[in-house]
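Inspection log for the structure reproduced underneath, given as structure tokens.
The values are calculated or read from the model by the stated rules, or taken from the named source; none is laboratory data. Keep in mind that what you see is a predicted model, and the values were worked out from it rather than measured. Quick reminder, even Gly has a Cβ in these numbers, built from the backbone with ideal geometry, and neighbours come from all protein chains shown.
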Amino acid sequence: MIKPITSERFHRLFKFPRCDRYSPAAMLRSRTRETQWFADENETQLGVIVYETVDKDWQAIVLNKREDGKRFRAFCIRVNAGA
């Protein structure tokens, strides 16, 4: 079962990769605002709803825990989720 979680809990589980301020990941983070966070009961799947401020659209991202059990990777990304 999927349940809402706090931003703080989400970011304790999912650590953004370190990157310099000119990297694509840093540019993406500067253009987006997270609005909702989710996890399954075992916290092996996470979800986040993101508003992209430049294009003014929504994204839904599902992350699965990697085989190493420590990190997450994107499993499914849906763009224009609000359309």
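Any residue in the range 70-81 that's over 16 Å from K15 (Cα atoms): show its pairings with residues that are acidic (D, E) at Cβ separation under 6 Å, as long as the two are six or more apart or on different chains.
N80/D57
Please verify whether the range 43-57 includes one or more residues that are at positive phi and among the polar types (S, T, N, Q). I'd like the intermediate steps shown before the answer.
Pass one, the range 43-57, residues at positive phi: 43, 56.
So of that shortlist, the ones also among the polar types (S, T, N, Q) come out as none.
Among the residues of the range 43-57, not one is at positive phi and among the polar types (S, T, N, Q), which makes the answer no.
Which residue pairs have Cβ atoms under 7 Å apart, sit 6 or more places apart or on different chains, and have a first residue in the range 30-48 that is farther than 15 Å from R73 by Cα and a second that is modelled with pLDDT under 95 and of a type in the set (K, R)?
Partner pairs satisfying both residue conditions: none exist.
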